[in-house]
Each structure stands twice: as C-alpha cells, then as structure tokens.
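All remarks here apply to the structure that follows.
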Amino acid sequence: MARGPIRIAIVEDDDELRELLRRRMARSEGMEVVRTCADGEEFLHHLGALEVDVVLMDINMPGISGIECVRRAKTTKPEVQYLMLTIFENPAYIFEALCAGATGYLLKGTSAEELVAAVREIHTGGSPMNTTIARLVVNSFQKETAQRISDEKLSDRERGVLDGLAAGLMYKEIAAKAGISTETVRVHVRNIYHKLQVKSRMEAVRKVFPKGL
C-alpha cells in the first residue's frame, strides 16, 4: 500500500517566514502542509485534532517558547517529530530543545533543499542537524571528558553508534564513518534504546554521558 504524504505543521510567529516555509513545503513532492500557527498556544490548542507527522517549530516566540511547546506537545502526541528552526547557534538551546523532545535542529538560514531533505530524514527516523549545529554539539562534549556509565550491555559497534549520536551526527554520517548501511545504524539505535531502556537520542546520551550534559 502506497504511503500518503508527509503531513507538516508550521509554528512560526513571523508572518512572512511562516508563509515562505508553507510554500516551500507545499510545493515539495510527497509533502502536505496541514496547519500553520503563529504561536505555541495556537498549535497546542489544535494539536488534539491535528493529524501531523512533522512540525517545523520556531524557538523564540512570544508567550510559550518553542522548546516549552514541544515539551507539552510530546505528552499529548509523542509520535509527532519536531524539527526546531532558529537563529540561535547556542549549545544550551540545542540540548534543551532535544531534551524537550525535538528530533532535529536547523538554523533558519538553511537552504530550501536542505530543509526539505531534513523533513524527509526526520520522518524516516533520522535526526537532522546543520553542520554548524553538529559542530557545536561536538565541541560541547569535548570541553569535558565525560565518564561513561550504563553502557556495559552495549556491543562495541553499538558504543560506536552511540558516540555518533552523542556527537549530533545524522544516521547517514554514522553509517559512512562505520562503513555500514543507514538501515543497520537504525537497527543498532533501536537495540541501544532497548538495552538502555530509553526512548530517544538525548535520553540515551544523558544516561551514558551524564557529565557531558
């Protein structure tokens, strides 16, 4: 049975940017914009009745911030994936957003092609980040040598995959580095989550690298 389009919602307080994002997504094959919202309150109000797969979420909005909006929304529909869009190149924002439940983090200057690719990636289980964002994540981990814990159940390959997740790498980048397929990376990630009894990238990283965060 053929899959339907990726259903997208956009939460952005800037009217011009919100419309630009809507047009970018609407004209991309296999994507459908089901809702646009000017703030977090509006999105949370409609979330219960909204059939959506991926949400493009601004961070800095009046009222409820994008991070707090994701945190609240995840308790209602945990299966929805959130891609944060921001002008902030700040590791604190990145970690806070990912810990709240976001799955990807891009800068607002990202090209239309990269944004569309990121939406497709996040929908298929990836965690897209700009190279700049990924580098910030890596640098933040390198500032302190973190003691590893809770990873004795993991295989050497799974530890390597977890290191990639902690560095903010996308699945395809982890795969290329390890010389394995992207699908194999996804299998390892599922096994890591099961063994560590966690449900997300950030939960796994925080459990094994508590001092790194």
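For this structure, a couple of remarks:
- Residue in the range 108-118 that is touching a residue at least 12 places away in the same chain (Cβ under 8 Å), in contact with a strand residue (DSSP E or B) (Cβ under 6 Å, 6 or more places away or on another chain) and within 18 Å of residue 48 (Cα to Cα) present: no
- Qualifying residue in the range 71-92 (condition: surrounded by fewer than 14 Cβ atoms within 10 Å (Cβ to Cβ), assigned to a loop (DSSP other than H, G, I, E, B) and in contact with a strand residue (DSSP E or B) (Cβ under 8 Å, 6 or more places away or on another chain)): yes
- Test: residue 18 is in contact with a Ser or Thr (Cβ under 9 Å, 6 or more places away or on another chain) and not in a strand (DSSP E or B): yes
Quick grid of which residues meet (1) assigned to a strand (DSSP E or B); (2) at pLDDT 95 or above; (3) among the basic types (Lys, Arg); (4) farther than 20 Å from residue 104 by Cα:
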residue	(1), (2), (3), (4)
2	no, no, no, yes
9	yes, yes, no, no
13	no, no, no, no
29	no, no, no, yes
33	yes, yes, no, no
44	no, yes, no, no
52	no, yes, no, no
55	yes, yes, no, no
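- In the range 162-195, residue surrounded by the most Cβ atoms within 10 Å (Cβ to Cβ) [restricted to those that are under 13 Å from residue 126 (Cβ atoms) and of a type in the set (A, V, I, L, M, F, W, C)]: 185
To keep it simple, each residue is scored yes or no on (1) within 20 Å of residue 171 (Cβ to Cβ); (2) in the same structural domain as residue 14 (by TED's automatic domain parsing); (3) modelled with pLDDT under 90.
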position	(1), (2), (3)
62	no, yes, yes
68	no, yes, no
73	no, yes, no
85	no, yes, no
92	no, yes, yes
97	yes, yes, yes
100	no, yes, yes
116	yes, yes, no
121	yes, yes, no
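The values are calculated or read from the model by the stated rules, or taken from the named source; none is laboratory data. In this text, all values refer to a predicted model and were calculated from it rather than measured experimentally. No Cβ is skipped: glycine too gets one built from the backbone with ideal geometry, and neighbour counts run over all protein chains shown.
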